[in-house]
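The structure appears below as structure tokens.
Read the figures in this text as sums done on the coordinates, not as results from a lab. Note that the structure is predicted; figures quoted are calculated from it, not measured. Here Cβ is always computed from backbone atoms with ideal geometry, including for glycine, and neighbour counts include all displayed protein chains.
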Amino acid sequence: MLFVCLGNICRSPSAEAVFKDKAHELQLELQIDSAGTAAYHQGNPPDPRSIKAGEARGLDFSGMQARKITDDDFNQFDLILAADNSNFEDLISRSPVEYQHKIRLILSFADYELNGVEEVPDPYYGGENGFEIVLDLLDSSLGRLAQKINNE
Ligand code: 4NP
């Protein structure tokens, strides 16, 4: 499972932390990582605002370092989940055709709970509340995804 956003410092590391927590609860053995479509923050830890909001919910961001998506990721991961439509389009255009079916939106697993919200909004230039919204959205969709995998 690979989570992808633009910078790999806010949304996708938060998704990684949320999903690792869900997978741990259900004892799912999965490879879980995150990456960015851009390399602006290569090597950096997640944004301190993401860490603060996530840790308050008991999430673990230890060892995370931003990286850019690589060609090998498309082969390596079974599911590649994009935070927003722009990330999705970037991934589709970068992916070999035979792996495009692996690419989905992160929120595509939540259905009615999110009242039609399809994208995880970029919180980078906003206030702290944006980071809470990101975690709420991720929690809904990734909780369902973990349940779905657990039932397979
Ligand atoms: P992310 O947020 O894609 O959720 O990690 C962003 C982080 C950095 C920038 C944009 C979005 N940036 O422009 O530097």
Select from the range 1-51 those chymotrypsin sites (Phe, Trp or Tyr not before Pro) which occupy a DSSP coil region and have at most 15 other Cβ atoms within 10 Å, ordered by residue number.
Tyr40
Can you give the charge dipole size of the range 67-146 about its Cα centre, rounded to the nearest 20 debye, using +1 on the beta carbon of Lys and Arg and -1 on the beta carbon of Asp and Glu?
220
Would you please put 99-105, 71-77 in order of how densely packed they are, using the mean number of other Cβ atoms within 10 angstrom per residue and starting with the highest?
99-105, 71-77
Amide H of Leu6: which non-local residues (sequence gap of 5 or more, or other chain) have their own amide H closer than 5 Å, using H built in the peptide plane?
Thr37
Which one of Ser62, Ala83, Ser14 has its Cα pushed farthest toward the positive end of the charge dipole of the chain, where Lys and Arg give +1 and Asp and Glu give -1 at the Cβ?
Ser62
Net charge, Asn150 excluded, C-beta distance under 12 Å - Lys, Arg +1, Asp, Glu -1:
0
Counting only other residues whose beta carbon sits under 13 Å from that of Ala66, what net charge do I get with K and R as +1, D and E as -1?
0
Could you work out the local net charge near Ser14, counting Lys and Arg as +1, Asp and Glu as -1, over the other residues with Cβ closer than 13 Å to its Cβ?
-3
Please list, ordered by chain and number, the residues whose modelled amide H lies under 5 Å from the amide H of Asp47; skip anything fewer than 5 residues away on the same chain.
Cys10
In whole Å, how far is the Cα centre of the range 1-50 from that of the range 122-152?
11
Hey, any idea what Rg/Rh is for the range 113-152, computing Rh the Kirkwood way over Cα pairs?
1.08
Order these peptides, 6-17, 85-96, by their mean beta-carbon neighbour count within 10 angstrom, highest first.
6-17, 85-96
With N set to the residue count of the range 12-93, report its C-alpha Rg divided by 2.2 N^0.38 Å to two decimal places.
1.12
P(r) tail for the range 23-152, what percent of Cα pairs lie past 25 Å?
26
Summing -39500 (n - 2.57) over every DSSP H run of at least 4 in the chain, dividing by its residue total and rounding to the nearest 500, the 222 nm mean residue ellipticity is -13000 deg cm²/dmol
